Every structure is written in structure tokens, then in C-alpha cells.
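Undergrad: Below is the structure I would like to discuss, written out as C-alpha cells.
The values are calculated or read from the model by the stated rules, or taken from the named source; none is laboratory data. Note that the structure is a prediction, hence the values are computed from the model and not measured. Cβ atoms come from the backbone with ideal geometry, glycine included; neighbour counts cover every protein chain shown. Please note that ligands, DNA and RNA were not included when accessible areas were found on the heavy atoms of the full protein model with its side chains. Shrake-Rupley method; radii C 1.70, N 1.55, O 1.52, S 1.80 Å.
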Amino acid sequence: WMVFGAANLYMADLRYYYADRHTTDPAGIDGIKASALADLTKQLRIVDRAIGDQPFLLGDIWSGADIYTAMIAYWHPDPPALFAACRNLERMCNGVHELSCVKAANEYHHSF
């Protein structure tokens, strides 16, 4: 799942937010963004189906892949729409958000 996240999720996310890096023609930026968003959403739906009824990608045990996937899901330009379509992913992301290590990291970073 880490390789899937890096190769599929993260790369689609980069194409969306940095579309100008993927063309020499500024007129093509909107098309690249639209394609990247469609790809990101498609890839996150694959994750959603893989989670199924489990709390995490690997079942009852969370892993770094869950944290990484949740981070990218929250980077989606419209998380509420994404989660409305991907309820398993939403549940997993909520579970990740409740992990004590994630809570501690968030508290630390918000203290600055």
C-alpha cells in the first residue's frame, strides 16, 4: 500500500496541485488538473473498496499506509465530496485521526 500510495495517490495529487510542471503550454493546465483529479479520485475509490468493512487497510491493525493514505485523502480538493462517495475511506481516515500517535503529532505541530 505504501508503493501504491506513492506511485498512484501522491503522483496524482502532485499533478493536480502542480499542473504547471506537467506542461509547457499554460492553456493545458486546466486539462491536466481535471485529469489528475479524476485519477486521484479513481485511485482513492480503489482504496475504499480494499478497506471494505475493515477499520484499516490491513484489517484490525493500523499501519503507516493508513496514515499516508489519510493524509493524501485530506489533500483532496473536496474531502466532503470524496468521503460522501467513499464511506470506507472516510471511516479509516477518522480512525487514523483518533490514533494516539497522530493526535500527539497534531498537537505538537499545532503548538507552534
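Undergrad: Treat each spin label as a single point 7 Å out from the Cα along the C-beta direction, and report the MET2 to ILE46 distance in nm.
TA: Label at MET2, label at ILE46, 1.9 nm between them.
Undergrad: Still on this structure, I have one more. So what is the 222 nm mean residue ellipticity for the chain from helices alone, if each DSSP H run of at least 4 adds -39500 (n - 2.57) and you divide by all residues, rounding to the nearest 500 deg cm²/dmol?
TA: Values: 6 runs with 72 residues, N = 112.
Helix-only estimate at 222 nm: -20000 deg cm²/dmol.
Undergrad: Same structure, new question: Read through the labelled values (1) 46, 37, 25; (2) 43, 31, 27; (3) 51, 24, 23 and report the label of the one computed as Cα extents along the principal axes in Å from the structure.
TA: Of the labelled values, this structure produces (1).
Undergrad: If you place +1 on the Cβ of every Lys and Arg and -1 on the Cβ of every Asp and Glu, how big does the dipole about the Cα centre of the chain come out, in debye to the nearest 20?
TA: 120 debye
Undergrad: Any chance you could give the angle, 0 to 90 degrees and rounded to 10, that helix 100-110 forms with the longest Cα principal axis of the chain?
TA: 50 degrees
Undergrad: Would you be so kind as to identify which of ILE46, HIS110, VAL96 lies farthest towards the positive end of the dipole of the chain, taking Lys and Arg as +1 and Asp and Glu as -1 on Cβ and the Cα centre as origin?
TA: ILE46
Undergrad: When only C-alpha pairs under 8 Å and at least 6 residues apart count, what is the relative contact order of the chain, in percent?
TA: Working: 95 pairs, mean separation 28.3, N = 112.
Across the chain, relative contact order equals 25 percent.
Undergrad: Over the stretch 19-65, what percent of the accessible surface lies on carbon and sulfur atoms, probe 1.4 Å?
TA: Numbers: 1520 of 2860 Å².
Of the solvent-accessible surface of the stretch 19-65, carbon and sulfur hold 53 percent.
Undergrad: Residue by residue, what Karplus-based ³J(HN,Hα) values in Hz, rounded to whole numbers, does the stretch 48-59 have, using 6.51, -1.76 and 1.60 with θ = phi - 60° and x for Gly and Pro?
TA: Residue by residue, the stretch 48-59 yields 4, 5, 5, 5, x, 8, 6, x, 9, 4, 9, x Hz.
Undergrad: Right, another one. When ligands, DNA and RNA are left out and all protein chains stay put, how many square angstrom of accessible area per residue does the chain have with a 1.4 Å probe?
TA: Working: 6590 Å² over 112 residues.
Using a 1.4 Å probe on heavy atoms only, each residue of the chain averages 59 Å².
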